[in-house]
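The values are calculated or read from the model by the stated rules, or taken from the named source; none is laboratory data. The model shown is predicted, which means the values in this text are computed figures rather than measured ones. All Cβ positions, even for glycine, are placed from backbone atoms using ideal geometry, and neighbour counts span all protein chains on display.
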Amino acid sequence: MRSKLFAVMLGGAATVAAAPSASAYPIDCAILLCLAGGFPASAECSAAKAEFIRRITPWPIEPPLQLWNCPMRSSGGISVPGIGADGLTDDVRRYRDGIEIYHVQMYYHKRGGDNEYITDNTVVGEYQANGDFRWVGASYQHGPAWLAEASGGTTYTRTIGGCDDDRPWRVGRTCPPSQTVTTNDHMGRLRGVFIRYQDHSGAYHVEGVRY
């Protein structure tokens with residue numbers, strides 16, 4: 001189904017290329033088309049990517065893909081079969097919902113002697129079922145590994161719990177279940193917006209803007 005949608009999108013992209021000016025085609029339709037293709041090299045997709053990045057560059061930080069500005073049912077938008085009540089197809093929703101965007105407002109890990117202090121003010125952007133976009137509380141430290149890689153940080157994996165201390169074993173002693181946890185860290189202060197999205201082939205692409 002994705003390949004079929006992308007074929008339809010490519011037809012729309014041809015319309016983009018043939019448009020007399022950028023203003024003749026909604027920029028969010030172009031962002032959707034070009035995002036699905038991994039923002040291939042072209043004047044139209046370069047302009048779409050520039051707007052995509054501008055939106056996540058402070059200030060203000062905007063939703064990177066604003067499908068409410070891409071009317072798929074009108075002649076000015078993309079003609080896509082199988083449009084639902086919300087004006088989108090399942091595949092278009094997957095492209096939208098597959099966008100992961102984190103705003104690290106401040107992450108700072110300070111170590112001193114036996115003490116350490118972590119400031120982690122992070123939010124993640126989410127698209128709602130009705131198409132609205134909102135920010136909700138999140139964590140850089142406990143976020144996905146790609147977030148650390150995109151920001152120049154590190155990822156640590158360790159096992160906690162279990163009977164892994166030096167106390168002697170005794171009858172009746174119980175041990176908490178062991179579990180493997182993965183956390184992110186970054187040297188020094190970190191502030192920035194980081195985004196990951198998938199193209200039609202399933203490949204991931206990552207962008208980031210530090211400030």
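Considering the conditions (1) under 19 Å from the mean Cα position of the chain (by Cα); (2) modelled with pLDDT under 90; (3) among the hydrophobic types (A, V, I, L, M, F, W, C); (4) surrounded by 11 or more Cβ atoms within 10 Å (Cβ to Cβ), Cys163 is excluded by exactly one of them, (1).
Out of everything in the stretch 115-142 that is closer than 26 Å to Trp59 by Cα and polar (S, T, N, Q), what residue ends up being surrounded by the most Cβ atoms within 10 Å (Cβ to Cβ)? Selected residue: Thr122. Cβ separations smaller than 9 Å between residues 6+ apart or across chains give the following pairs from the stretch 181-194 residues that are farther than 8 Å from Ser151 by Cβ and assigned to a strand (DSSP E or B) to residues that are of a type in the set (Lys, Arg) and modelled with pLDDT of 95 or more: Arg191/Arg210; Val193/Arg210.
Gly112 fulfils the conditions (1) of a type outside the set (Ser, Thr, Tyr); (2) exposed (fewer than 15 other Cβ atoms within 10 Å of the Cβ); (3) touching a residue at least 24 places away in the same chain (Cβ under 8 Å); (4) more than 30 Å from Asp86 (Cα to Cα) except for a single criterion, (3). For Arg73, the requirement of being charged (D, E, K, R), surrounded by fewer than 13 Cβ atoms within 10 Å (Cβ to Cβ) and modelled with pLDDT of 95 or more is not met. Restricting the stretch 90-115 to residues that are among the hydroxyl-bearing types (Ser, Thr, Tyr) and in contact with a helix residue (DSSP H, G or I) (Cβ under 7 Å, 6 or more places away or on another chain) leaves a set whose member that is modelled with the highest pLDDT is Tyr102.
The rows are residues; the columns are (1) at pLDDT 95 or above; (2) not hydrophobic (A, V, I, L, M, F, W, C).
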| residue | (1), (2) |
| --- | --- |
| Arg2 | no, yes |
| Ile31 | yes, no |
| Glu44 | no, yes |
| Glu62 | yes, yes |
